[in-house]
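Single-structure report; data block below.
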Amino acid sequence: MAVKSKTASTNTGASALDAGYIWFNGELVPQSEAKVSVLTHALHYGTSVFEGIRAYETAKGPAVFRLQEHTKRLLDSAKILGMKPPVDTTEIDHAILETIKKNGRQSCYIRPLMWYGAESLGVDPTRNRVHFMVATLPWGVYLGEEAIQKGAHLITSSWRRSPGDVMPTKSKAGGNYVNSVLANQEARENGFDEALLLDKQGFVAEGSGENIFMYRDGVLYPIVHSVNLRGITRDSVIQLAKWMGTPVEATMATRDELYMADEVFMVGTAAEVTPIASIDRRPIGTGVAGEYSLKMRETYMKAVTGQLPEFQKWLTYVT
Ligand code: PPE
């Protein structure tokens, strides 16, 4: 089943998502019963916060990768918006684990969401109830299997990343993602796999849904910028790199620094570790998926599937 169409401007609605049971305000209901009003505040103003989490198949059944960190970030996202969560850490974790159990998938993408309901319109959300749901979905390779094997092709977006005094970029708020949608759509329409977003000054921020790394002369450089989402995959990759003995030096970068790198790769819950073959039609290194990027992907996949004893601490087993 196609769960994600990355082709821009083809809103045919042909393949509907099938999430099975959804956690909806305190109970598990069939997807057909998890309905909201068309007057939902979040639908009109983007006033929602969400997470993207993955559960992987392991030798001991499905395990959620870095659940605590994702739950914390969901609550932080709500706090940034001044949204009062109807659930606490324990309830969020419980809802996520119960939804995975109920649907019986060995691996899945988990989408928790909090949003303002339909009690009133107008930008003031204070009269609106905050709702909470969790859906679990099958979700394969984010930028396509070919991007993993051969490397993905990036194009610098004409859309800049919103500055931190325009949008709360540290919050995974629904409204923030219009920026990502536009950038990704533009890249796709021009035949590229993904967009590279810069800030107003030309510094590299991130992808539409990924953080960026460059690798040069044996050193790994996480590209940092104050507007970037504090990526949980980025943190995992930094820890794995140190464990592998790679020197790690966080840095800001302009796009030409990426052009000169030996390797570039993107990371995110959905994207996992995706090698980059070219940026703005310039080959990165030899223009194929780099050796270090592939090694990091392999190591990351081992960690998330419970094959590295040192990183078992990142896994929450579902059973
Ligand atoms: N930056 C942005 C803007 C972003 O959305 C993500 C995740 C990241 C960085 C990486 O963060 P982390 O997942 O904690 O490593 N993007 C999510 C949404 C993707 C989507 O299309 O939806 C994701 O990867 O789940």
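The values are calculated or read from the model by the stated rules, or taken from the named source; none is laboratory data. Please read all numbers here as calculations on a predicted model, not as lab measurements. In this analysis, Cβ positions are derived from the backbone assuming ideal geometry, glycine residues included, and neighbour counts consider all displayed protein chains. The area values use the complete protein model at the heavy-atom level, side chains included, leaving out ligands, DNA and RNA. Shrake-Rupley method; radii C 1.70, N 1.55, O 1.52, S 1.80 Å.
Numbers below:
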quantity: Filtered residues of the range 93-132 (kept if in a helix (DSSP H, G or I) and among the small types (Gly, Ala, Ser)); calculated: ALA95
quantity: Residues that are in a loop (DSSP other than H, G, I, E, B) and small (Gly, Ala, Ser), drawn from the range 249-304; calculated: ALA250, ALA253, ALA261, ALA270, ALA271, GLY285, GLY287, ALA289, GLY290
quantity: Candidate set from the range 181-217 (those that are open to solvent by less than 10 Å² (accessible area, probe 1.4 Å) and in a helix (DSSP H, G or I)); member that is farthest from the ligand (Cβ to nearest atom); calculated: ALA187
quantity: Residue in the range 140-149 that is open to solvent by less than 70 Å² (accessible area, probe 1.4 Å) and closer than 29 Å to VAL38 by Cβ present; calculated: no
quantity: Residues satisfying the stated conditions in the range 47-89, i.e. among the charged types (D, E, K, R), away from the ligand (no atom under 14 Å from the Cβ) and closer than 24 Å to GLY26 by Cβ; calculated: LYS79, LYS84, ASP88
quantity: Qualifying residue in the range 311-318 (condition: open to solvent by less than 40 Å² (accessible area, probe 1.4 Å), of a type in the set (Ser, Thr, Tyr) and part of a loop (DSSP other than H, G, I, E, B)); calculated: no
quantity: Neighbours by Cβ (under 7 Å, 6+ apart or cross-chain): first from the range 194-208, under 18 Å from ALA270 (Cα atoms); second more than 13 Å from the ligand (Cβ to nearest atom) and among the hydroxyl-bearing types (Ser, Thr, Tyr); calculated: LEU196/THR156
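Per-residue answers, yes or no, for (1) under 14 Å from ASP199 (Cβ atoms); (2) surrounded by 14 or more Cβ atoms within 10 Å (Cβ to Cβ):
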site	(1), (2)
ILE223	yes, yes
VAL237	no, yes
LYS242	no, no
THR246	no, yes
ARG255	yes, yes
ALA261	no, yes
